[in-house]
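Structure first, then comments.
The values are calculated or read from the model by the stated rules, or taken from the named source; none is laboratory data. Please read all numbers here as calculations on a predicted model, not as lab measurements. Here the Cβ is made from the backbone with ideal geometry for all residues, glycine too, and neighbour counts use every protein chain on show.
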Amino acid sequence: MTAQIIVRNVPPQIKDWLAEGRNDGVSQNERILSALETAYRQRRQVRQPSLFPDADWMPSDQGDIEQDPPLFKFVDLFAGIGGMRLGLTAVGGECVFTCELDRYCRKTYSAWFGDNDIAEDITKLKIRDIPQHDVLAAGFPCQPFSLAGVSKKNSLGRNHGFLDKTQGTLFFHLANIIDAKKPPIILLENVKNLRSHDKGKTWKTIYDRLDELGYEVFDKVIDAADYVPQHRERIFIVGFRRSVFTSNVKFQFPAPPSGPRPRLGSILEDSVDDKYTLTDNLWKYLVDYAEKHRQRGNGFGYGIGDRDGVSRTLSARYYKDGSEILIAQDGKNPRRLTPRECRALMGFPDHLDIQVSDMQAYKQFGNALVPKIVEHVGSEIVKVMKWQLLRKSKSGCLLKK
Ligand SMILES: C[S@@+](CC[C@H](N)C(=O)[O-])C[C@H]1O[C@@H](n2cnc3c(N)ncnc32)[C@H](O)[C@@H]1O
């Protein structure tokens, strides 16, 4: 957010305080925004009902006075194992509702976040059971839109995208929830292929529906390789409700962090159980399969990870043969990553112990979001929230747009 705050007619001591910040390398904008945030948090302690009191929904839950109130409330739909939750909590969010169909994901999520009250199938939810929130976060299922999903479904003669009756329509359930709850901000995530699927028609349907629901929509494909040692491109969709933020809302996706990219070698364990080494049969099968495809002129095949580079994308089918990310070993067949290495490859913290079998853990990490990306996107969203608070504040500060 580049809007410049202009300060006029303030007492000399405030001018001095702003000047002090400049000497410490803190910009005037940063100093004012930080003071406003503190004032806002203190105001919430005397029962501020909602971050956006003039949003076109009425908050129903006012709760008790909190010791350390969160900056905003969010719901975590299609929660998986909580990549969204980790990222949004890191920028001041409080999760007030979770929904996840898969019982193994719920097991992991409950253990990691101490949350045992997780709704299951989103299609069976009563929308009134979802509490009011500032941000609706949803990494809705990607299978019908991902390249792997599409080619597999094509070869099985099945429908994909919105024609997939079970998964494609989940977007419309999500849209119904957005329509009913009217959250000021939405944050959605899906595979990169969403934009090009069905010659762009799927993306146009999604974009048009969100626009029709009253959102200014921003989208960007972000590669996780700037945050973790893995090439993993996902589309992030951020929507700001026009009735709250106006159609002039300015939002920018985060710039990639500076400095060298993380290296695959940095997440590998020194000593790994032999059970992760490929059997002679499986390794021969992968070598033959790759050779067959090479002769036909296409690039399908296993991938041996470059320790100084980044890995291919970890998929939910990694448990089958591990072929997309193999680690070379001296004098032995290559091995697959351990579940703990997958946890690190996705950027989940080490202290979150794996709760399920290896097979379920591979599936969970292969489906997850990289929390650091959510955190960086979330911090840009928070800038817009602060801008909105400032725009509405009666403090005498003026925003030059
Ligand atoms: C791409 S993953 C989500 C990743 C997650 N948001 C994160 O932050 O790591 C999609 C999730 O949607 C869940 N899901 C699929 N159908 C569902 C349904 N009908 N209701 C609720 N969850 C569902 C899947 O079990 C899967 O965990």
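If we scan segment 256-273, do we find a residue that is of a type in the set (K, R) and at pLDDT 95 or above?
Keep residues of segment 256-273 that are of a type in the set (K, R), which gives 261, 263.
Okay, now just the ones that are also at pLDDT 95 or above, so 263.
The answer is yes; a qualifying residue exists.
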- prompt: Pairs, please: C-beta under 6 Å, at least 6 apart or cross-chain, first residue in the same structural domain as Q360 (by TED's automatic domain parsing) and in segment 72-83, second among the acidic types (D, E) and more than 6 Å from the ligand (Cβ to nearest atom)?
  reply: F72/D134; K73/E94; K73/D134
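Using the structure shown, decide if L213 is farther than 30 Å from K181 by Cβ, surrounded by 15 or more Cβ atoms within 10 Å (Cβ to Cβ) and of a type in the set (A, V, I, L, M).
Values: farther than 30 Å from K181 by Cβ: no; surrounded by 15 or more Cβ atoms within 10 Å (Cβ to Cβ): yes; of a type in the set (A, V, I, L, M): yes.
It is false that L213 is farther than 30 Å from K181 by Cβ, surrounded by 15 or more Cβ atoms within 10 Å (Cβ to Cβ) and of a type in the set (A, V, I, L, M).
Does segment 353-380 hold any residues that are of a type in the set (A, V, I, L, M, F, W, C), in contact with a Phe, Trp or Tyr (Cβ under 8 Å, 6 or more places away or on another chain) and within 22 Å of P257 (Cβ to Cβ), and which are they?
So the first thing to find is which residues in segment 353-380 are of a type in the set (A, V, I, L, M, F, W, C), and the list is 354, 356, 359, 361, 365, 368-370, 373-374, 377.
Those still in the list that are in contact with a Phe, Trp or Tyr (Cβ under 8 Å, 6 or more places away or on another chain) too: 356, 359, 365, 368, 370, 373, 377.
Matches in segment 353-380: F365, A368, V370, I373, V377.
Report the residue count in segment 69-85 for those that are in a strand (DSSP E or B) and either within 14 Å of T108 (Cα to Cα) or away from the ligand (no atom under 16 Å from the Cβ) (or both).
To start, the set of residues in segment 69-85 that are in a strand (DSSP E or B) comprises 72-77.
Keeping just the survivors that are either within 14 Å of T108 (Cα to Cα) or away from the ligand (no atom under 16 Å from the Cβ) (or both) gives 72-73.
Summing the residues that are in a strand (DSSP E or B) and either within 14 Å of T108 (Cα to Cα) or away from the ligand (no atom under 16 Å from the Cβ) (or both) in segment 69-85 gives 2.
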message: Anything in segment 92-103 that is surrounded by fewer than 20 Cβ atoms within 10 Å (Cβ to Cβ) and either more than 9 Å from the ligand (Cβ to nearest atom) or modelled with pLDDT under 95 (or both)? List them, or say none.
response: G92, E94, V96, R103
query: Listed residues S315, S323, S357; which is of a type outside the set (F, W, Y) and closer than 18 Å to A111 by Cα?
result: S357
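Does segment 286-302 contain any residue that is among the aromatic types (F, W, Y), in a loop (DSSP other than H, G, I, E, B) and surrounded by fewer than 17 Cβ atoms within 10 Å (Cβ to Cβ)?
Taking segment 286-302 as the starting set, the residues that turn out to be among the aromatic types (F, W, Y) are 289, 300, 302.
So of that shortlist, the ones also in a loop (DSSP other than H, G, I, E, B) come out as 300, 302.
Checking the rest, the ones that are also surrounded by fewer than 17 Cβ atoms within 10 Å (Cβ to Cβ) come to 300.
Yes, there is a match, as at least one residue in segment 286-302 is among the aromatic types (F, W, Y), in a loop (DSSP other than H, G, I, E, B) and surrounded by fewer than 17 Cβ atoms within 10 Å (Cβ to Cβ).
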field: The listed residue being closer than 20 Å to V91 by Cα, within 16 Å of the ligand (Cβ to nearest atom), touching a helix residue (DSSP H, G or I) at 6+ places or on another chain (Cβ under 6 Å) and of a type outside the set (S, T, Y), out of A344, A316, A368, A361
entry: A368
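Pick out the one residue from T338, T277, T313 that is more than 26 Å from R234 (Cβ to Cβ) and at pLDDT 95 or above.
Numbers: T338 fails: more than 26 Å from R234 (Cβ to Cβ); T313 fails: more than 26 Å from R234 (Cβ to Cβ).
Checking each option against the conditions leaves just T277.
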